[in-house]
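What follows draws every value from the coordinates through simple rules; no lab data is involved. Since we're looking at a predicted model, the values are computed, not measured. Cβ sites come from the backbone with ideal geometry, for glycine too, and all protein chains shown count toward neighbours.
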């Protein structure tokens, strides 16, 4: 499914805005891609931003930071909010519930400026509440002008992710490319 989120400037002066697409989903693990790993001598420049909010506790056990994926798993017994954003050029995030994958994909513009310190994707949880958020680039909209942020949603059933982070990442990346 293709979902278009459009902001229209209805005021008589220019406004600086970015479309922000929040999708509330049933509890499951949320995965974000990490940049492809390369050894130090081969990769001296940063690859991706990681943005945290003041209430983000990276020692919270709901977070898993792996070499290939960042995973956030909600927990009804832990109502404290957690959120991060990433400036990912991969353009996807995925909800994993057993063998079912819900994937949101966008086409980030690496040359554009994004809100929230460069975030193109954000994930949030509080208890068993879970959000997948994608952001469009910041734009100055003249009166009457609009900005549209396009998401592609896919649902995959019966997916075998394997038992390792590497296998899960490989399957999710393949789904992101073929979807």
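Brief remarks follow.
- Considering only alpha-carbon pairs that sit under 8 angstrom and 6 or more positions apart, the relative contact order computed for the chain is 34 percent.
- Mean shadow area of the range 46-111, taken as a quarter of the surface of its Cα convex hull (nm²): 5.8
- Seen from a random direction on average, the alpha-carbon convex hull of the range 76-166 projects onto 8.1 square nanometres.
- Nearest 10 degrees, 0 to 90: helix 165-178 Cα axis against the chain principal axis: 40
- Cβ-derived FRET efficiency at R0 35 Å, residue 164 paired with residue 138, nearest 0.05: 0.40
- Overall form of the range 1-42 per C-alpha gyration tensor (a/c, 1.5; a/b vs b/c): oblate
- Across the range 1-92, the relative contact order, built from alpha-carbon pairs under 8 Å that are at least six residues apart, equals 33 percent.
- Efficiency of FRET between residue 57 and residue 13 - r from beta-carbon atoms, R0 35 angstrom, step 0.05: 0.30
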